[in-house]
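The values are calculated or read from the model by the stated rules, or taken from the named source; none is laboratory data. Not measured: the values here are computed from a predicted model. Cβ sites come from the backbone with ideal geometry, for glycine too, and all protein chains shown count toward neighbours. Heads up: the accessible areas ignore ligands, DNA and RNA and are worked out on the full protein's heavy atoms, side chains in. Shrake-Rupley method; radii C 1.70, N 1.55, O 1.52, S 1.80 Å.
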Amino acid sequence: MIVALLNQKGGVGKTTLALHLAGAWARQGKRVTLIDADPQGSALDWSQQRARENLPRLFTVVGLARDTLHREAPELARDADAVVIDGPPRVAGLMRSALLAADLVLIPAQPSPFDGWASAEMLKLLEEARIFRPQIVARFVLNRCAARTIIARETADGLADHDPPVLASRIGQRVAFADAARTGRLVCDLDGNSPAAREISALAAEVGRLAG
Ligand SMILES: Nc1ncnc2c1ncn2[C@@H]1O[C@H](COP(=O)(O)OP(=O)(O)O)[C@@H](O)[C@H]1O
Ligand SMILES: [Mg+2]
């Protein structure tokens, strides 16, 4: 299974959710490889920070910000139960390659009524990729949600009608994510019972069911 977190918008939570999904599956005993496809290498930085803090290594992080990603990823997937791709911002060639590699595309988005959740270009690239690989499954993941706005929006316009559809699991705006990231940690390393940790478990379970 190859899951790619993609959105050309920056700061929406691609890296945060990629690391946390990889961590959640690794903790269940799955062999997970995370591909850092962002030339900025923030997942690699996280992994290096984690090593400096002498924390247990949960999964392998490899840097592969190349247009050949779709050729390398299946090789990596052969030796893993799950491959998670932390996608690049704005780089169309890399984005295309990541889309061609993925079985499941998750589009993290910060819900805002003023803003499309993904760039039009990102959705166009998804449609293009589906010409070659019609089996690609895509879902929005709402991240950094303020509880009230979400409930209001949900009743207002029926999120289920969205295309791509929206996952039921939502991730709230929680400082634990930023605190954990700075020290090479995941939110469950800080407190396994925190709301952030429970939201991640629910998301990992829902995505796991989708991916089969
Ligand atoms: N649910 C959240 N609550 C609070 N902060 C978050 C959340 N998700 C991400 N962040 C923070 O927002 C910033 C951008 O997130 P990041 O995962 O790096 O986005 P992207 O990879 O899409 O650019 C980071 O500082 C991260 O710690
Ligand atoms: Mg990132």
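What residue, among those in the stretch 72-101 that are within 16 Å of ligand 2 (Cβ to nearest atom) and of a type in the set (A, V, I, L, M), is nearest to Val32 (Cα to Cα)?
Just the residues of the stretch 72-101 that are within 16 Å of ligand 2 (Cβ to nearest atom), to begin with: 84-91, 94-95, 98.
Subset that is of a type in the set (A, V, I, L, M): 84-85, 91, 94-95, 98.
Numbers: Val84: 8, Ile85: 11, Val91: 25, Leu94: 21, Met95: 21, Ala98: 17 Å.
If we take residues in the stretch 72-101 being within 16 Å of ligand 2 (Cβ to nearest atom) and of a type in the set (A, V, I, L, M), then Val84 is nearest to Val32 (Cα to Cα).
Of all residues in the stretch 77-95, which are modelled with pLDDT under 95 and more than 17 Å from Gly10 (Cβ to Cβ)?
Within the stretch 77-95, Asp79, Gly93 meet the criteria.
Pick from the stretch 50-61 the residues that are in contact (Cβ under 8 Å) with a residue 12 or more places away in the chain and more than 15 Å from His20 (Cβ to Cβ): which of them is most open to solvent (accessible area, probe 1.4 Å)?
Filtering the stretch 50-61 for residues in contact (Cβ under 8 Å) with a residue 12 or more places away in the chain gives 50-53, 55, 58-61.
From what's left, more than 15 Å from His20 (Cβ to Cβ): 51-53, 60.
Numbers: Ala51: 66, Arg52: 152, Glu53: 70, Thr60: 49 Å².
The extreme case among them is Arg52.
Give the number of residues within the stretch 65-105 that are within 25 Å of Thr183 (Cβ to Cβ) and either hydrophobic (A, V, I, L, M, F, W, C) or in contact with a Gly (Cβ under 7 Å, 6 or more places away or on another chain) (or both). Please lay out each step first, then the result.
Looking only at the stretch 65-105, we keep the residues that are within 25 Å of Thr183 (Cβ to Cβ), and these are 65, 82, 84-89.
Checking the rest, the ones that are also either hydrophobic (A, V, I, L, M, F, W, C) or in contact with a Gly (Cβ under 7 Å, 6 or more places away or on another chain) (or both) come to 65, 82, 84-85, 89.
Residues meeting the conditions: 5.
When you go through (1) surrounded by 15 or more Cβ atoms within 10 Å (Cβ to Cβ); (2) at pLDDT below 95 one by one for Ala152, which number turns out not to apply?
(1)
Which pairs have Cβ atoms under 8 Å, sit 6 or more apart or on different chains, and link a residue in the stretch 133-146 that is buried (at least 21 other Cβ atoms within 10 Å of the Cβ) to one that is part of a loop (DSSP other than H, G, I, E, B) and of a type in the set (S, T, N, Q)?
Filtered contacts from the stretch 133-146: Val141/Ser169; Leu142/Gln110; Asn143/Gln110.
Say we look at the stretch 184-212 and pick out the residues that are open to solvent by 40 Å² or more (accessible area, probe 1.4 Å) and touching a residue at least 40 places away in the same chain (Cβ under 8 Å); which of these is farthest from ligand 1 (Cβ to nearest atom)?
Filtering the stretch 184-212 for residues open to solvent by 40 Å² or more (accessible area, probe 1.4 Å) gives 185, 188-193, 195, 198, 201-202, 205, 209-210, 212.
Still in the list and also touching a residue at least 40 places away in the same chain (Cβ under 8 Å): 185, 188-189, 201, 210, 212.
On the way: Arg185: 11, Cys188: 14, Asp189: 14, Ser201: 14, Leu210: 20, Gly212: 26 Å.
Among residues in the stretch 184-212 that are open to solvent by 40 Å² or more (accessible area, probe 1.4 Å) and touching a residue at least 40 places away in the same chain (Cβ under 8 Å), the one farthest from ligand 1 (Cβ to nearest atom) is Gly212.
From Ala18, Ala80, Ala73, Ala22, grab the single residue that is in contact with a helix residue (DSSP H, G or I) (Cβ under 6 Å, 6 or more places away or on another chain) and open to solvent by less than 50 Å² (accessible area, probe 1.4 Å).
That would be Ala73, the only listed residue that is in contact with a helix residue (DSSP H, G or I) (Cβ under 6 Å, 6 or more places away or on another chain) and open to solvent by less than 50 Å² (accessible area, probe 1.4 Å).
Could you check how many residues of the stretch 89-98 are within 16 Å of ligand 1 (Cβ to nearest atom) and crowded, with 24+ Cβ neighbours inside 10 Å? Reasoning before the result, please.
Of the residues in the stretch 89-98, the ones within 16 Å of ligand 1 (Cβ to nearest atom) are 89-91, 94-95, 98.
If we keep only those that are crowded, with 24+ Cβ neighbours inside 10 Å too, we end up with 95, 98.
Number of matching residues: 2.
Within the stretch 166-195, restricting attention to residues that are over 17 Å from Gly11 (Cα atoms) and not in a loop (DSSP other than H, G, I, E, B), which residue is nearest to ligand 2 (Cβ to nearest atom)?
Quick first cut of the stretch 166-195, residues over 17 Å from Gly11 (Cα atoms) only: 166-169, 183-195.
With not in a loop (DSSP other than H, G, I, E, B) added as a condition, the list becomes 166, 187-190, 195.
Working: Val166: 21, Val187: 17, Cys188: 20, Asp189: 19, Leu190: 20, Pro195: 23 Å.
Across the stretch 166-195, the extreme among qualifying residues is Val187.
Looking only at residues in the stretch 1-38 that are out of contact with any strand residue (DSSP E or B) (no Cβ under 9 Å at 6 or more places or on another chain) and part of a loop (DSSP other than H, G, I, E, B), which one is farthest from ligand 2 (Cβ to nearest atom)?
So, considering only residues that are out of contact with any strand residue (DSSP E or B) (no Cβ under 9 Å at 6 or more places or on another chain) and part of a loop (DSSP other than H, G, I, E, B), the one farthest from ligand 2 (Cβ to nearest atom) is Gly29.
Does Gln40 satisfy the criteria of being open to solvent by 20 Å² or more (accessible area, probe 1.4 Å), under 22 Å from Val141 (Cβ atoms) and either of a type outside the set (A, V, I, L, M, F, W, C) or within 14 Å of ligand 1 (Cβ to nearest atom) (or both)? Please lay out each step first, then the result.
Values: open to solvent by 20 Å² or more (accessible area, probe 1.4 Å): yes; under 22 Å from Val141 (Cβ atoms): yes; either of a type outside the set (A, V, I, L, M, F, W, C) or within 14 Å of ligand 1 (Cβ to nearest atom) (or both): yes.
So Gln40 passes the test.
Going through the stretch 43-77 one residue at a time, which ones are in a strand (DSSP E or B) and within 16 Å of ligand 1 (Cβ to nearest atom)?
Just the residues of the stretch 43-77 that are in a strand (DSSP E or B), to begin with: 60-63.
Across the stretch 43-77, the qualifying residues are Val61, Gly63.
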